[in-house]
Structures are given as C-alpha cells and as structure tokens.
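> One structure, pasted below without further comment.
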Amino acid sequence: MSTTDARRPVPAAPGGLRSRVARRPLTAFLVVVAVVGWPLISVPALTAHGVLPGGPLPEEPFALGTTLLVMLPAALWVTAVTDGPGAVRALLRRSVRWRFGAGWWAAVLLALPVLTLAVGLATGQRLRTGGLLATLGWGAFSVLSAVLLVHLWEETVWAGFFQGRLEQRHGFLPAAALTAVPFAAVHLPLSFTGDLAIDRLALAIGGLLVLGVLVRLLVGATVRGAAGSLLAAGLVHASFNAANNEGNLVDDLLGGGQPSLYAVVAAALFTAGALLALRNRR
C-alpha cells in the first residue's frame, strides 16, 4: 500500500524560488531546517558552554520549537509549493487518520513497552510492582502528551513528507536509511549540551545514527501497516521513547533498569514482525 497521496505538480515561474523548491523539495526543506532550525535547537548547547549568555537551559522547549515553528511549517510550505494546497490538506488528514484496525492500534500502543519489559525480564531485571497503577497512569499520560505536543507533528514531517517522498522514489529500505541521516542530524546539537569529550561525542553521534535508522524502519513499517496513518506513526514513536528513555515508563517499571538496549531489541522485533505481517497480508 502506498504511504503517500497522489500529487499533482503546480506550475511555477522558471528560475524563481518556487520553481527551485518544486524541483528540489527535500533539498529546500533541509536548507530551511539547517538555516533556521539548527541555530534554534543549538541554543541549550551554546548557553551551557558560555558561547551565549543564560547558563544551562532545558532542551525540550527548543526541540519543540524547532518541530512546531520550523520543520512543520517548512514541510507544509514545500508541499504547497510543489504539489498544491490539496496535498497539504491530504497530508494533514493523514495526521488524524485513526481507522487502521484494532490489531495495529494494540501494536502501536502496547507492543514496544511490553516487548521491552519482556526482554529486560528475560535478562534478569525485576518488575517493580509498588505503585504500579500510578506508574502506568503517569506513563500513559506522558505518551499521550508527547504525541499531541511533538511526535504527531514530527512524524507528519518525517514520515509523511520526507520519508514518504523518498519511499515513492527509492523504496522502503533506502528511504528509511536516507531519512535517518537528517533525522539524526536535527537532534545532534542536543548531544553537545554535556561533556565535550571526543569519545563521548563519537558514541553519541554513532548512537544517534543507529537509532535514527531503527526508528525510521520502525515508523515506516507502522505507516505501511496502519493505512498510511501518521497518527499511528506518532504513537509508535512515542511508545518507543517510553520504552527506550531513562526516567520513562519502562525504566520506572524496571526500577532504573536502563532499558535502551532492551528497547532496541524490542524495536527490531516489532519491525521484523510488522514487515512479515504485511508480506503475508499481501
């Protein structure tokens, strides 16, 4: 099933800005993100090391601002220039597409946290049952908040606009790998807020690239299975973060089990299972 909607090229004056954007939509998007988005998301690193005044600042507002104020408007603008207003409406409709089957709903909401817990328990971690209902309730609230505030719009950009275009041209695997590079690069400045030791930075950059490829494969498989829904993409992205990040749901359930490696294994299993299910369905 195609993950992108049919597009109709919009005529533009030869040699003008709109013509250049229409010819190279992904390049135009990346230029906007590099020129406007990178400086914005780099502010916490610059203040942390005294390049800008202000001292240590929280990263979240700048990451959120980069998504909502730079990347999303840039993706919608490029889509409008390249394919017309109808394509923008089609992209936004996919962001609220909720009819994609009960099985896929269960998968995007539950599979990654449950698989990550299972991997952690299989390696000797223990489930912390004290305050279980409160932990689950707070975890569900955190996932929902993350989807509404950032991941739905982040995946409208990456899964709906960027990766979808590449998949039409190059296929599933190349599109995921190619999208992983700018996807990781956007997050790169956040790695510079802490210690600037070369070995730590090299590990952080390598980890971003590996996670970038994994997340793009995970999200790409989900979009294919969930009838092109970008809501499903945002949900599975948020559930991966809930499974992967320290201080989130799975980490709390394992009592500080540092679940990143378990989540990577879980995401690989989920992606392989999703692609197998899609192959059998076809």
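> Quick one: is SER239 touching a residue at least 60 places away in the same chain (Cβ under 8 Å) and in contact with a Lys or Arg (Cβ under 8 Å, 6 or more places away or on another chain)?
So SER239 fails the test.
> Here is a further query. Among what's in region 166-185 and is buried (at least 22 other Cβ atoms within 10 Å of the Cβ) and over 11 Å from the mean Cα position of the chain (by Cα), pick the residue that is farthest from PRO39 (Cα to Cα).
Narrowing region 166-185 to residues buried (at least 22 other Cβ atoms within 10 Å of the Cβ): 167, 175-176, 179-180, 183.
With over 11 Å from the mean Cα position of the chain (by Cα) added as a condition, the list becomes 167, 175-176.
On the way: GLU167: 29, ALA175: 26, ALA176: 25 Å.
Among those that are buried (at least 22 other Cβ atoms within 10 Å of the Cβ) and over 11 Å from the mean Cα position of the chain (by Cα), it is GLU167.
For (1) modelled with pLDDT of 95 or more; (2) within 30 Å of ARG24 (Cα to Cα); (3) in contact with a Lys or Arg (Cβ under 8 Å, 6 or more places away or on another chain); (4) among the charged types (D, E, K, R), each residue gets a yes or a no:
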| position | (1), (2), (3), (4) |
| --- | --- |
| VAL78 | yes, yes, no, no |
| ALA87 | yes, yes, yes, no |
| TRP98 | yes, no, no, no |
| GLY103 | no, no, no, no |
| THR116 | yes, no, no, no |
| LEU121 | no, no, no, no |
| GLY124 | no, no, no, no |
| LEU127 | no, no, no, no |
| LEU133 | no, no, no, no |
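> Could you check THR3 against (1) at pLDDT 95 or above; (2) open to solvent by less than 40 Å² (accessible area, probe 1.4 Å) and say which number it fails?
If we test THR3 against (1) at pLDDT 95 or above; (2) open to solvent by less than 40 Å² (accessible area, probe 1.4 Å), just (1) comes out false.
> For a quick check of your reading: which helices (runs of 4 or more DSSP H) sit entirely within region 188-266 and have at least 1 residues that are open to solvent by 30 Å² or more (accessible area, probe 1.4 Å), β-branched (Val, Ile, Thr) and at pLDDT below 95?
198-225
> If you don't mind, another one. From ALA227, ALA233, which residue is over 12 Å from the mean Cα position of the chain (by Cα) and not aromatic (Phe, Trp, Tyr)?
Matching residue, one of ALA227, ALA233: ALA227.
> On to the next question. Give region 6-36 a look and list any residue that's β-branched (Val, Ile, Thr), open to solvent by 40 Å² or more (accessible area, probe 1.4 Å) and modelled with pLDDT of 55 or more, or say none.
Scanning region 6-36 gives THR27, VAL31, VAL32, VAL35, VAL36.
> Moving on. Restricting region 47-59 to residues that are open to solvent by 60 Å² or more (accessible area, probe 1.4 Å) and of a type in the set (A, V, I, L, M, F, W, C), which is nearest to HIS187 (Cα to Cα)?
For region 47-59, the residue satisfying everything is LEU57.
The values are calculated or read from the model by the stated rules, or taken from the named source; none is laboratory data. Since the structure is predicted, the reported quantities are computational estimates derived from the model, not experimental observations. Quick reminder, even Gly has a Cβ in these numbers, built from the backbone with ideal geometry, and neighbours come from all protein chains shown. Heads up: the accessible areas ignore ligands, DNA and RNA and are worked out on the full protein's heavy atoms, side chains in. Shrake-Rupley method; radii C 1.70, N 1.55, O 1.52, S 1.80 Å.
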